[in-house]
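Notes follow once the structure below has been shown.
The values are calculated or read from the model by the stated rules, or taken from the named source; none is laboratory data. Quick caveat, the model's predicted, so the values are computed rather than measured. Cβ coordinates were reconstructed from backbone atoms using ideal geometry, including for glycine residues, and neighbour counts include every protein chain displayed. What goes into the accessible areas is simple: the full protein's heavy atoms, side chains included, and nothing from ligands, DNA or RNA. Shrake-Rupley method; radii C 1.70, N 1.55, O 1.52, S 1.80 Å.
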Amino acid sequence: ITTIAARHGKSPAQVVLRWHLQLGNVVIPKSVTPARIRENLDVFDFALTDDEMTAIAGLDRDLRTGPHPDQLN
């Protein structure tokens, strides 16, 4: 993530937000810090390549802190 972020001149958080957006996921970032809120919105001026999207997806270890989204009631 950090390598991809450096390549695009973005923060790791911005890369993760962009990855979700390119997947078509609904993204609801949370922050109360004005600078971080602006950073969260500054993800529409770059795009991840197919290779970067695949590399990020490959980081998934199928670990969750809550229930799987497909199994919510």
Filtering chymotrypsin sites (Phe, Trp or Tyr not before Pro) in the chain by DSSP loop and by at most 13 other Cβ atoms within 10 Å leaves PHE44, PHE46
Whole-percent carbon and sulfur contribution to the accessible surface of the chain (1.4 Å, no ligands, DNA or RNA) stands at 54
Correct response: the longest run of the chain lacking exposed trypsin sites (Lys or Arg not before Pro), defined by DSSP loop and at most 12 other Cβ within 10 Å, is 31-60
Computed for the chain: size of charge dipole around the Cα centre, +1 on C-beta of each Lys and Arg, -1 on C-beta of each Asp and Glu, debye to nearest 20, value 340
Taking a probe of 1.4 Å and leaving out DNA, RNA and ligands, segment 1-40 shows per residue an accessible area in Å² of 68
Quick calc: nm separation of the 7 Å Cα→Cβ label points for ASP45 and LEU59 -> 2.2
Length-normalised contact order of the chain, Cα under 8 Å, at least 6 apart, in percent, tallies to 28
